1. Mind ranking 32-38, 165-171 by how tightly packed they are, going by the mean number of other C-beta atoms within 10 angstrom, highest first?
2. May I ask you to list the aspartates and glutamates whose Cα is less than 14 Å away from that of Lys224, ignoring any residue fewer than eight positions away on the same chain?
3. Under the Kirkwood approximation for Rh and a Cα-based Rg, what ratio Rg/Rh is obtained for region 219-293?
4. Considering only protein heavy atoms and a 1.4 Å probe, what is the carbon-and-sulfur percentage of the accessible area of region 80-221?
5. Per the helix-only calculation at 222 nm, which mean residue ellipticity applies to the chain, given -39500 (n - 2.57) for every DSSP H run of n ≥ 4 and division by its residues, nearest 500 deg cm²/dmol?
6. Using the basic label-point model (7 angstrom from Cα toward the beta carbon), what is the Ser237 to Glu175 distance in nanometres?
7. Compute the length gained on full extension between Asp168 and Asp226: take 0.36 nm times their separation in residues and subtract their Cα-Cα distance, giving the result in nm to one decimal.
8. When the gyration tensor of the chain is built from Cα positions, what are the square roots of 5 times its three eigenvalues, in whole Å, from largest to smallest?
Amino acid sequence: MKMTFRWYGSGYDPIPLQYIKQIPGVSGIMGVLSGKAAGEVWTSEEIGELMDEVHAAGLECEVIESVNVHEDIKLGLDTRDEYIKNYCTTLENLAEHGVKVVIYNFMPVFDWLRTELAHENEDGSTCLYYDHAEVEGMTPREIVERTAQDSAGLTLPGWEPERLERLDEVMKLYEGVTKEDMRANYRYFLEGIIPTCERVGIRMAVHPDDPAWDLFGLPRICNKRDDLDAIVKMVDSPANALCVCSGSLGSNPDNDVPAIFREFGQRGRIAAAHVRNVKYLGYKHFQEAPHPSETGDLDMHAIMEAIYETCPDVYIRPDHGRMIWGEEGRPGYPLYDRALGITYLLGLWEALSKRSR
Ligand code: CS2
Ligand code: MN
């Protein structure tokens with residue numbers, strides 16, 4: 001297992017690499033070129049600059065999160081071949097610089113979605129929060145505008161301005177696109193990129209839909225066990241793998257998160273894991289909780305045990321955190337609470353490893 005930390009790059013992430021290096025047990029970051037629009041090639045030179053900076057801080061960057069998939073690929077438009085070609089070039093360039101895993105998602109239009117980015121808790125901390133009843137009363141544009149307003153001037157993953165400029169147009173393009181169509185488009189994408197991955201030694205790790213249910217009538221096809229099963233079967237290669245995210249799948253109490261880790265770990269199809277906790281507040285209504293089991297509804301010990309026993313070589317990160325101790329920054333991606341999460345997860349890991357000896 002390698003413990004990592006998501007980092008958006010200088011000028012995009014308020015957290016200095018040196019602070020990440022100071023968290024005990026962190027081997028590296030999950031990095032990204034934040035300035036890149038979906039569909040653009042990441043050049044070897046640009047990737048090299050990121051790597052030099054990260055390595056100079058004494059950290060590794062073996063995982064990229066994310067190389068975003070252009071909407072035309074998800075929609076199956078004629079222009080997709082060009083974007084798939086670019087994606088392959090980016091993968092080749094990343095491999096040249098030692099990247100082993102690329103996390104991505106295949107969510108239509110949005111990445112993760114919340115109704116509040118700074119929900120106030122009694123203890124004065126704030127967290128990400130979601131209430132479906134509220135979403136049902138809003139248009140996609142309204143939720144996008146609210147999110148942009150609440151994000152402290154920083155762009156959140158999946159909410160890049162160039163993507164959102166086209167929001168109405170893209171929502172229209174999705175009209176009539178069924179889940180079956182979406183699966184066919186997904187398979188086409190995988191068939192286009194997995195041979196390159198196999199050749200250059202990269203594993204693709206798809207991140208599940210967050211929250212784990214349908215939204216605005218969009219064809220979401222990655223939010224339960226059977227979806228993950230269908231995806232890994234589309235192209236049966238270890239390079240076609242998963243990034244299992246406990247908090248995303250766990251937003252839906254019908255998903256048995258430890259069992260999902262165990263099954264796909266045993267099948268050799270988990271390349272990365274996001275490990276965080278959620279607290280259920282009602283039907284399709286939750287907030288993000290601190291990492292320890294006792295503060296939320298997921299059994300974090302059972303999750304870490306499933307990872308330990310079935311896929312001990314994965315890259316892990318604590319995913320999101322609350323804002324505590326007066327920290328200001330990118331909602332969901334604070335330093336302090338994610339560092340606490342790491343320490344807790346490493347504590348579970350040490351206990352698991354010593355007990356099994
Ligand atoms: C992640 C997602 O940090 C996060 O919230 O869980 O944004 C994830 O990085 C993307 O969906 C992967 O493409
Ligand atoms: Mn996640």
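The values are calculated or read from the model by the stated rules, or taken from the named source; none is laboratory data. Remember, predicted model here, so these are calculated numbers, not experimental data. Here the Cβ is made from the backbone with ideal geometry for all residues, glycine too, and neighbour counts use every protein chain on show. When the accessible area is computed, the model is the full protein with side chains, heavy atoms only, and any ligands, DNA or RNA have been set aside. Shrake-Rupley method; radii C 1.70, N 1.55, O 1.52, S 1.80 Å.
1. Values: 32-38: 17.1, 165-171: 13.7.
Order by mean packing, descending: 32-38, 165-171.
2. Straight-distance partners of Lys224: Asp209, Asp210, Asp214, Asp254, Asp256, Glu263.
3. For region 219-293, the value is 0.99.
4. Ligands and nucleic acids excluded, carbon and sulfur reach 47 percent.
5. Here the helix-only value at 222 nm equals -12000 deg cm²/dmol.
6. Roughly 3.8 nm, to one decimal.
7. On the way: separation 58, 0.36 × 58 = 20.88 nm, distance 3.06 nm.
Taking 0.36 nm per residue and subtracting the Cα distance, the gain is 17.8 nm.
8. Details: eigenvalues 143, 121, 93 Å².
Its equivalent ellipsoid spans semi-axes of 27, 25, 22 Å.
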